[in-house]
Amino acid sequence: MSDCIFCKIANGEIPSQMAYEDDRIAVFHDLEPQAPVHVLMVPKKHIASLDAAEAEDSALLGHILTTVKKVAAELGLENGYRLVCNCGQDGLQTVQHLHFHLLGKRQMSWPPG
């Protein structure tokens with residue numbers, strides 16, 4: 001989508017502090033971090049939300065999830081991390097592009113919201 005901020009970041013149209021990138025995903029530091037380490041994992045293909053993902057996206061989603069371990073290690077999250085995907089209005093999804101928050105370097109509380 002031409003007006004999607006995450007598409008623009010993932011395609012290099014808007015500068016960001018990239019933590020990891022490959023041909024399918026971009027991982028960049030959140031501008032309003034909620035933990036000492038807070039990056040967003042974004043598919044380069046525009047998918048509005050987890051609810052909008054189709055069966056054809058399963059390989060991409062699997063790639064994102066299997067890349068978490070690599071990115072977490074590169075960011076020094078040896079004591080653990082939290083991976084969050086907000087979906088829809090009640091889930092507080094604020095950008096209509098599927099993304100995962102990878103947070104770490106502090107003890108997380110529960111329940112989260």
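The values are calculated or read from the model by the stated rules, or taken from the named source; none is laboratory data. Since the model is a prediction, treat every value here as computed from it, not as a measurement. A quick note on method: Cβ atoms are made from the backbone with ideal geometry, for glycine too, and the neighbour counts reach across all protein chains shown. Just the protein is used for accessible areas: all its heavy atoms, side chains included, with ligands, DNA and RNA removed. Shrake-Rupley method; radii C 1.70, N 1.55, O 1.52, S 1.80 Å.
Name the pairs: first residue in segment 77-95 and free of Cβ contacts under 8 Å to residues at least 40 places away in the same chain, second residue open to solvent by 100 Å² or more (accessible area, probe 1.4 Å), Cβ to Cβ under 7 Å, at least 6 apart or on different chains?
Taking only residues 6 or more apart or on different chains, the pairs are N86/L92; C87/D51; G88/D51.
Which residues, taken from segment 5-16, are in contact (Cβ under 8 Å) with a residue 60 or more places away in the chain and either more than 17 Å from N86 (Cα to Cα) or buried (at least 19 other Cβ atoms within 10 Å of the Cβ) (or both)? Please lay out each step first, then the result.
As a first pass, look at segment 5-16 and keep what is in contact (Cβ under 8 Å) with a residue 60 or more places away in the chain: 5-7.
Once the filter is applied, which keeps residues that are in contact (Cβ under 8 Å) with a residue 60 or more places away in the chain and either more than 17 Å from N86 (Cα to Cα) or buried (at least 19 other Cβ atoms within 10 Å of the Cβ) (or both), segment 5-16 yields F6, C7.
Please specify each residue of segment 17-35 satisfying the condition of being of a type in the set (D, E) and either surrounded by 17 or more Cβ atoms within 10 Å (Cβ to Cβ) or in contact with a Pro (Cβ under 6 Å, 6 or more places away or on another chain) (or both).
Taking segment 17-35 and keeping what is of a type in the set (D, E), we get 21-23, 30, 32.
The answer is D30, and nothing else.
Can you tell me which residue in segment 36-67 is nearest to L92 (Cα to Cα), limited to those that are open to solvent by 20 Å² or more (accessible area, probe 1.4 Å) and among the charged types (D, E, K, R)?
Per the criteria, the residue is D51.
Go through segment 96-113 residue by residue and tally those that are in contact (Cβ under 8 Å) with a residue 24 or more places away in the chain and either among the polar types (S, T, N, Q) or surrounded by 10 or more Cβ atoms within 10 Å (Cβ to Cβ) (or both). Let's see the steps before the verdict.
So the first thing to find is which residues in segment 96-113 are in contact (Cβ under 8 Å) with a residue 24 or more places away in the chain, and the list is 96-106, 108, 112.
Adding the requirement that they be either among the polar types (S, T, N, Q) or surrounded by 10 or more Cβ atoms within 10 Å (Cβ to Cβ) (or both) leaves 96-106, 108.
Counting residues in segment 96-113 that are in contact (Cβ under 8 Å) with a residue 24 or more places away in the chain and either among the polar types (S, T, N, Q) or surrounded by 10 or more Cβ atoms within 10 Å (Cβ to Cβ) (or both) gives 12.
Per-residue answers, yes or no, for (1) in contact with a His (Cβ under 8 Å, 6 or more places away or on another chain); (2) under 23 Å from S2 (Cβ atoms):
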| residue | (1), (2) |
| --- | --- |
| K45 | no, yes |
| A48 | yes, yes |
| D51 | no, yes |
| D57 | no, yes |
| G62 | no, no |
